[in-house]
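Inspection log for the structure reproduced underneath, given as structure tokens.
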Number of protein chains: 2
Amino acid sequence: MVGEKMIKYPNGSKTTFNNQSNQQTTSRRGVALEDDINITNAYYLDLDIAVVHKKPVPIQIVDVKYPTRNKAEITRAYYVTPSTTDYNGVYKGRALDFEAKQTNSKTSFPFSSIHDHQIQHLKKVIIQDGIAFVLIRFIAFNETYYVCAKKLIPLYYKTRRSLPYKWFKENAQLIPFSLTPPVDYIKIIDQLYFEREWLYERAKK
Amino acid sequence: MVGEKMIKYPNGSKTTFNNQSNQQTTSRRGVALEDDINITNAYYLDLDIAVVHKKPVPIQIVDVKYPTRNKAEITRAYYVTPSTTDYNGVYKGRALDFEAKQTNSKTSFPFSSIHDHQIQHLKKVIIQDGIAFVLIRFIAFNETYYVCAKKLIPLYYKTRRSLPYKWFKENAQLIPFSLTPPVDYIKIIDQLYFEREWLYERAKK
């Protein structure tokens, strides 16, 4: 596993961290997709390809102290369930909105990792004609899929349990391997929305 | 002042709160625009007009305790300067991105209340052809203006100090008075982007 990671992401510090212990490898894996998306978004931002940011984690602040006049220290707060997806932004004028999830399973993606209010939010974005999707990584295969929310949502309501790995092979877009950026999802959006749709629109005229 | 507010926003609880003391009226005023925008966004969301959310305040978490297995309590955290604007979302497929500010001044809007990184972010959104703007309320006149970021940013870099009230009268869009929703900024976006632009696009063909 570590060997595979070394080939795909030749980052010295990451590899060292991964090698320290098994537990750390697992915890490192837990945030790997998020890290890759953050790197990708920073790359898009730098090169003026797209503007996409991860939303801050919503927190309910209960107590704040002011040790000095200009410094506020939050001394009691709680995590709040987010009412939207984690990422949104803009690409060629269009609104992007997505969630990112990864699974250790080799056979299926469990729907339990997506919250119902995230699905509700993606539905709202679809109604507004935004580009709504979910990035799903199968860690075991080091594969990240772009899944249109329009395809995912009906199945979420139908099965409520999980989507077999095979489904992704047939219905989702595998994001091609790339070093910079690590998860080049804009490439898929170009194919789905800015090549096909434009051709289609032109053909209608 | 309170009388004016009562006419425009006949909300019992708000008025009672405002009447309690002068200090509370001021502090209440401090969040009035934000509250009005939140009500407006909830209205847009309910009626499937637009999907716009306020981003959570970014916080750096330092210490977390787990009093019980499923409950996390944040015991030390700090506010972090946000790298984006406060609001974004989607309307008719287009990405919206904006900041909201209010001032007690009757003569000008001080640029000091907008952070440089928020201006940087709005620039990036403009490059991506998103709909970027700032909602600015002059509390004394109970007027809220829609200001195109494209118009505001060059002046921000030119003067760095403030924009006279007169400038808004001539260069910004006064958001018409409305009870539901209180700050109907989508109306301005319709005028600016979905009526004029479409007519223009059609005229070209």
Fill in the blank from the handout: For A:Lys71, the aspartates and glutamates lying under 15 Å Cα to Cα, once residues fewer than eight places off in the same chain are dropped, come out as A:Asp63
Fill in the blank from the handout: For B:Lys71, inter-copy label-point distances (7 Å, Cα→Cβ), nm, shortest first, read 3.0
Fill in the blank from the handout: Going through A:Lys55/A:Lys123; A:Lys150/B:Lys187; B:Lys65/B:Lys124; B:Lys124/B:Lys169; A:Lys101/B:Lys150 one by one, the pairs whose alpha carbons sit over 30 Å apart turn out to be B:Lys65/B:Lys124; A:Lys101/B:Lys150
Exercise for the section: May I ask you to sort A:Leu96, B:Leu174 by Cβ crowding, counting other Cβ atoms within 10 Å and putting the fewest first? Expected result: B:Leu174, A:Leu96
Problem - Shortest-first nm distances, A:Ser83 label point to equivalent points in other copies (7 Å, Cα→Cβ) - result: 2.5
Completion exercise
When the charge dipole of the stretch B:27-124 is computed with +1 on Lys and Arg Cβ and -1 on Asp and Glu Cβ about the Cα centre, the Cα farthest towards its positive end, among B:Ile59, B:Tyr43, B:Ser108, belongs to B:Ile59
Problem - Cα centroid of the stretch A:60-114 to Cα centroid of the stretch B:108-178, whole Å - result: 28 Å
Handout entry: Coordinate range along principal axes, alpha carbons of the stretch A:94-181, Å, largest first
Key = 34, 33, 20
Exercise for the section: In nm to one decimal, list the spacings between the A:Gln60 label point and its equivalents in the other copies, with label points set 7 Å along Cα to Cβ, shortest first. Expected result: 2.6
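FYI, it's all coordinate maths here, none of it is from the lab. Being a predicted model, the structure only gives us computed values, none of them experimental. Note that we place each Cβ from the backbone using ideal geometry, even for glycine, and neighbour counts take in every protein chain shown.
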